[in-house]
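The values are calculated or read from the model by the stated rules, or taken from the named source; none is laboratory data. Source: prediction; values computed, not measured. Neighbour counts run over all protein chains shown; Cβ positions are idealised from the backbone, glycine included. Areas reflect the complete protein model, heavy atoms only, side chains present, ligands, DNA and RNA absent. Shrake-Rupley method; radii C 1.70, N 1.55, O 1.52, S 1.80 Å.
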Amino acid sequence: MHRSNHPLTPSPFRNLLSTLARAALVAVLGAALAAAHAQAPAAAPASPAAAPAAPALPAPESVSLDKLGYMGTFPPEGAQRVDLSNSYKYPQMRWALQHLRELQPTRNIRRGAAPASALQADPRPLGAFSFDDDKGQPITVDQWLTRTYTDAIVVLHKGKVVFERYDNQMKPWTPHLLFSVTKSFTGLMAAQLAHEGKIDPEALVTKYVPELADSAWGDMKVREVMDMTGAVRFREVYTDPTTEIFGYSWSAGMLPRPPGYQGATNIYDFLKTLKKEGEHGEGFVYRTVHSEVLGWIVSRATGRHWAELMGENIWQKLGMEEDAHVMVDSVGTPLQGAGLNATARDLARFGEMLRLGGSFNGQKIFDKAVIDDTANGGDRTKFQFRGIQTARPGYSYRNQWWVLHNADGAYEASGIHGQMIHVNPAAEMVVVKLSSHPVASAAATQALTLKAWSALAQAVRR
């Protein structure tokens, strides 16, 4: 285990899967497809908060990378090797989440040449802080981190690093795949452009992307994309290759295409094939494809690649320590809802900027009105649509951020397998937690996570 409290650190699959193999790869798809947080029957919309069956989990110490010894010889041989044939199986996934660009094509997000912005340290023994878990049993912060297969955590209080821990071979400079945390970056970029009058949230999507005229988005408003209330047939049943999640993965290059495949070979062409199901604006249904459409709108409105915008408008202005990178498809389209990779410390800088209302390092990144609109949340009634979001009671969704509506005004970005940026304005706290949990669904750990957020807020206030 590596722990650090320093103020500044310097800086799938070659052959077609058989039907039986597909069924065995539920966990593979759960990891590879950041579009989904949970399964649901084909007749009902899937959701990141749908309660999964409780699986038997491996002991965290039994699947540590030090114990597994992946990729430790030159060259790695046999069971030691992690490649495209096994990188999204568990526990190989634990290595892959820290080494994505060694496995998949990516595009760089440059930090620039300026010195990194300082993160001052004020270390506190938060690891020993005890609280009651979701079953009413005592647990410490350190035990919570181990139990949830954490790779890294950084806690800021009033902008200072009060707690920082790295496990599972993670280091302060190691980039980690963030899955759906990516959506929240895309959402804020779109919200800022809307604030500047460069995107009209009430306009139809086709104003910016006419190529989607014959798709689900043909009569959908941009705001319905931003808040995921647009109605699109996109089922995420990982054991059923006839559902749209397989089309998404084939088009993005996440899975090998079947012999004779004549479908889309990139994400944007795949989006054109999706049809409307239901009424736009009726209720919130979480769908990664909305984030891909939103990213397309951002690029059309600016004439810039998503990675360039991230680098120039966010990474360089914040004074990040390390470059980031994003997974891309065969034509260089970034996975704007799933593909970002970054370090915990740089994500902490991003979270602190949000806490401060959009500015950091002497730079305005977002207008305060954009941050306030996001933190105030979306339509809580629409969030309750069809009773899907039972694991997140009281929440709403705005600009691709999850809003808790608790007494502290907290809001967060969330990705499968335990990726989180949690902002608590009242406690003046930011938490970044990066993990490689065996279960993709946020519902598997959500109740415990809420207990932990409350405990950390209590601890930093002391």
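Give the range 391-403 a look and list any residue that's in a loop (DSSP other than H, G, I, E, B), crowded, with 21+ Cβ neighbours inside 10 Å and in contact with a Leu (Cβ under 9 Å, 6 or more places away or on another chain), or say none.
Within the range 391-403, Arg392, Tyr395, Asn399, Gln400 meet the criteria.
Residues are listed down the side, and each one gets a yes or a no for (1) within 21 Å of Tyr286 (Cβ to Cβ); (2) of a type in the set (D, E, K, R); (3) open to solvent by 10 Å² or more (accessible area, probe 1.4 Å):
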position: Tyr208; (1), (2), (3): no, no, yes
position: Met220; (1), (2), (3): yes, no, no
position: Glu224; (1), (2), (3): yes, yes, yes
position: Asp240; (1), (2), (3): yes, yes, yes
position: Gly247; (1), (2), (3): yes, no, yes
position: Gly253; (1), (2), (3): no, no, yes
position: Pro258; (1), (2), (3): no, no, yes
position: Leu271; (1), (2), (3): yes, no, no
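Within the range 301-338, count every residue that is over 11 Å from Arg107 (Cβ atoms) and of a type in the set (Gly, Ala, Ser).
6
Kindly evaluate Val181 against the criterion of being open to solvent by less than 10 Å² (accessible area, probe 1.4 Å), farther than 21 Å from Val328 by Cα and at pLDDT 95 or above.
No: the conditions fail for Val181.
Report whether or not Glu282 is in a loop (DSSP other than H, G, I, E, B) and either open to solvent by less than 10 Å² (accessible area, probe 1.4 Å) or touching a Phe, Trp or Tyr at 6+ places or on another chain (Cβ under 6 Å) (or both).
In short, no.
Given the conditions (1) among the hydrophobic types (A, V, I, L, M, F, W, C); (2) open to solvent by 10 Å² or more (accessible area, probe 1.4 Å); (3) not in a loop (DSSP other than H, G, I, E, B), and given that Val431 satisfies all but one, which numbered condition is not satisfied?
If we test Val431 against (1) among the hydrophobic types (A, V, I, L, M, F, W, C); (2) open to solvent by 10 Å² or more (accessible area, probe 1.4 Å); (3) not in a loop (DSSP other than H, G, I, E, B), just (2) comes out false.
Out of (1) among the small types (Gly, Ala, Ser); (2) open to solvent by 10 Å² or more (accessible area, probe 1.4 Å); (3) under 14 Å from Met189 (Cα atoms); (4) touching a helix residue (DSSP H, G or I) at 6+ places or on another chain (Cβ under 8 Å), the odd one out for Ser291 is which?
It fails just one condition, (2).
Got at least one residue in the range 155-163 being more than 23 Å from the chain's Cα centre (by Cα) and open to solvent by less than 20 Å² (accessible area, probe 1.4 Å)?
Yes, that holds for at least one residue.
Could you check the range 219-245 and list, in sequence order, the residues that are more than 24 Å from the chain's Cα centre (by Cα) and part of a helix (DSSP H, G or I)?
Result: Asp219, single match.
If I filter the range 196-218 for residues that are more than 24 Å from Gly295 (Cα to Cα), basic (Lys, Arg) and either out of contact with any Phe, Trp or Tyr (no Cβ under 8 Å at 6 or more places or on another chain) or assigned to a helix (DSSP H, G or I) (or both), do I get at least one hit?
The answer is no, given that none of the residues of the range 196-218 is more than 24 Å from Gly295 (Cα to Cα), basic (Lys, Arg) and either out of contact with any Phe, Trp or Tyr (no Cβ under 8 Å at 6 or more places or on another chain) or assigned to a helix (DSSP H, G or I) (or both).
State the number of residues belonging to the range 354-379 that are touching a helix residue (DSSP H, G or I) at 6+ places or on another chain (Cβ under 6 Å), of a type in the set (A, V, I, L, M, F, W, C) and more than 25 Å from Met228 (Cα to Cα).
1
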